[in-house]
Each structure stands twice: as C-alpha cells, then as structure tokens.
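The structure appears right after this line, and notes come after that.
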Amino acid sequence: MSKRLYVGNISYSATADELRAHFANAGGVDAVDRLTERRTGRNRGFCFIEMESPQAAQNAVDQLNGIAFQERNLRVTLARPNDE
C-alpha cells in the first residue's frame, strides 16, 4: 500500500506548513510536495503528501477526504504509482 497521497482542491493560498499541520492529525507527515505553475509560481491547487506509513496514509484518506480546509473541501486519495 502506498504512503503517498494526492490532495486536490486545496486553496491557492495554502502553504506547505499549513498542509503539514492539517495532515499531522492523521499521522506523521514526511514531506509536502506543493506544485506550482512555472510561469507564475502560483500554487496549482493540488499537492502530494508523503505520510510516515501506509497506515497513516489510509487514516488521512478516511479522516480528511471531503473535509473543509480553508473553505474548500479536500479531495484526498492514495496516489497512483508513477508507472500507471
């Protein structure tokens, strides 16, 4: 099972530290990879979060998918491997 999450529908103003703190309630967070547009540097509205374990990742999906964060309902799923 993957410990990497896809998180969609995040606020454009959300910081990596805010996302880390929000997801820490589900388990330890190893990394937040917040993607930005190359031309503008603006947040693209989604990110990938690496949790400390597969169980922490599943907890995050169960607890946080569809939950409001900064006035937007997050879409939290286990990330697909790069080879898919």
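Results, tabulated for the structure shown:
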| read-out | value |
| --- | --- |
| (1) 1.61; (2) 1.09; (3) 1.02, with the label sought being that of the calculated Cα Rg over 2.2 N^0.38 Å | (3) |
| Point-to-point label distance, ALA68-ARG39, nm (Cα→Cβ direction, 7 Å offset) | 3.4 |
| Contour minus Cα-Cα distance for ARG75 and SER13 (0.36 nm per residue) | 20.7 nm |
| In order through region 32-47: 3J(HN,Hα) via Karplus (6.51 cos²θ - 1.76 cosθ + 1.60), integer Hz, x for Gly, Pro | 10, 10, 8, 8, 10, 6, 5, 6, 9, x, 7, 4, 8, x, 8, 8 |
| Calculated [θ] (222 nm, deg cm²/dmol) that DSSP helices of n ≥ 4 give over the chain, each run adding -39,500 (n - 2.57) | -6500 deg cm²/dmol |
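None of the figures in this text is laboratory data; all of them are computed from the coordinates on show. The structure presented is a predicted model; accordingly, all values stated were derived computationally and were not measured. FYI the Cβ positions are ideal-geometry reconstructions off the backbone, even for glycines, and counts take in every protein chain you see.
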